[in-house]
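The structure under discussion appears below in the form of structure tokens.
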Amino acid sequence: QVQLVESGGGLVQAGGSLRLSCTASGRTVSNYVMGWFRQAPGKEREVVAGIRASGGSTFYADSAKGRFTISRDNAKNTVSLQMNSLKPEDTAVYYCAAGRVVLWGAERSYEFWGQGTQVTVSS
């Protein structure tokens with residue numbers, strides 16, 4: 001089993017930045033694809049970004065391109081999401097997920113999920 005714990009969420013003004021981190025425990029996730037999803041109030045959960053096990057391939061939703069950067073440190077069993085130029089519409093609970101064989105936006109292809117961290121962007 002893999003346990004994922006997100007951190008780094010909070011309240012930030014529009015235009016600001018936050019860095020989310022996800023720490024895995026239980027086993028190494030170095031051979032897992034890692035993804036970040038978010039769910040805003042009243043909306044379905046959506047993929048934000050993903051990164052392959054090697055870190056050589058990444059995916060970004062259109063809403064994240066140019067503003068967010070996903071990275072991973074396999075030695076520390078962590079994955080991060082640097083979020084810049086935040087907008088009020090980025091307000092959501094952000095979830096970290098891990099899977100071995102995934103389609104980026106297909107939630108069911110991710111095996112393990114964190115509990116989420118709240119990000120609130122004020123206007």
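The values are calculated or read from the model by the stated rules, or taken from the named source; none is laboratory data. Note that the coordinates shown come from a computational prediction; the quantities given were computed from them, not determined experimentally. So basically every Cβ, Gly included, is an ideal-geometry build from the backbone, and we count neighbours across all protein chains shown. Only protein heavy atoms, including side chains, enter the accessible area calculation; ligands, DNA and RNA are left aside. Shrake-Rupley method; radii C 1.70, N 1.55, O 1.52, S 1.80 Å.
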Output yes when any residue across region 32-46 is touching a residue at least 24 places away in the same chain (Cβ under 8 Å), of a type in the set (Val, Ile, Thr) and open to solvent by 30 Å² or more (accessible area, probe 1.4 Å), and no when none is. no
For residue 40, indicate whether it is under 12 Å from the mean Cα position of the chain (by Cα) and at negative phi. no
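Among the residues of region 101-120, write down those that are part of a strand (DSSP E or B) and either open to solvent by less than 10 Å² (accessible area, probe 1.4 Å) or charged (D, E, K, R) (or both). Outline the logic, then answer.
Quick first cut of region 101-120, residues part of a strand (DSSP E or B) only: 112-113, 117-120.
Listed by number, the list holds a single entry, 119.
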Mind listing whichever residues of region 4-25 are open to solvent by 60 Å² or more (accessible area, probe 1.4 Å) and under 12 Å from residue 112 (Cβ atoms)? 5
Which residue, of 98, 75, 53, is on the phi < 0 side of the Ramachandran plot and open to solvent by less than 10 Å² (accessible area, probe 1.4 Å)? 98
Please tell me if residue 28 is touching a residue at least 40 places away in the same chain (Cβ under 8 Å), over 17 Å from residue 119 (Cα atoms) and either open to solvent by 40 Å² or more (accessible area, probe 1.4 Å) or polar (S, T, N, Q) (or both). yes
